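Asks: Below: one structure in structure tokens.
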Amino acid sequence: MSLCYNARLMSKQFIRVYRNLFFDEVKQHTLEYGALSGVCSKCKEFNVKLDALKCPQCNTPFKYIAFQNVREHLPKMIRISCERPEVQFIDYQDFKRIEGEQKARSILG
Ligand SMILES: [Zn+2]
């Protein structure tokens, strides 16, 4: 019996958990996924496929995925969490907010 089947049987659900992460590390390994395609957070390569294990441009492995619209992509999240249990989903708003703060700080010096 597959893990994915068990997950359904046990009615696994996504619940957001707050974790204390090193943003520099997260920023090196995140696939930001919008409506139709992804962007590599490291090199900003466009049109990265959701199933890409690493960036086709800079080769960074994707350890994190940030969906812009979780509700819309929930079936994809369920599939990915079955197929690639090592991938962690992070909150897109959190990611963008911290990225923006870092950018502002670097401009201010
Ligand atoms: Zn890249």
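Asks: If a residue must be among the polar types (S, T, N, Q) and touching a Lys or Arg at 6+ places or on another chain (Cβ under 6 Å), how many such residues does segment 38-63 contain? Spell out how you get there, then give the answer.
Replies: Taking segment 38-63 and keeping what is among the polar types (S, T, N, Q), we get 41, 47, 57, 59-60.
With the extra rule that they be touching a Lys or Arg at 6+ places or on another chain (Cβ under 6 Å), the set shrinks to 41, 60.
Residues in segment 38-63 being among the polar types (S, T, N, Q) and touching a Lys or Arg at 6+ places or on another chain (Cβ under 6 Å): 2 in total.
Asks: A further question follows. Among (1) under 14 Å from the mean Cα position of the chain (by Cα); (2) surrounded by 14 or more Cβ atoms within 10 Å (Cβ to Cβ), there is one condition Asp51 misses while meeting the rest; what is its number?
Replies: (2)
Asks: Which one of the conditions (1) touching a residue at least 12 places away in the same chain (Cβ under 8 Å); (2) farther than 26 Å from Cys4 by Cβ does Val87 fail to meet, given that it meets all the rest?
Replies: (2)
Every read-out reported here was derived from the displayed coordinates using simple, explicitly stated rules and does not represent laboratory data. Just so you know, these numbers come straight off a predicted model, no measurement behind them. Every residue, glycine as well, gets a Cβ built from its backbone with ideal geometry; the counts of neighbours run over all protein chains shown.
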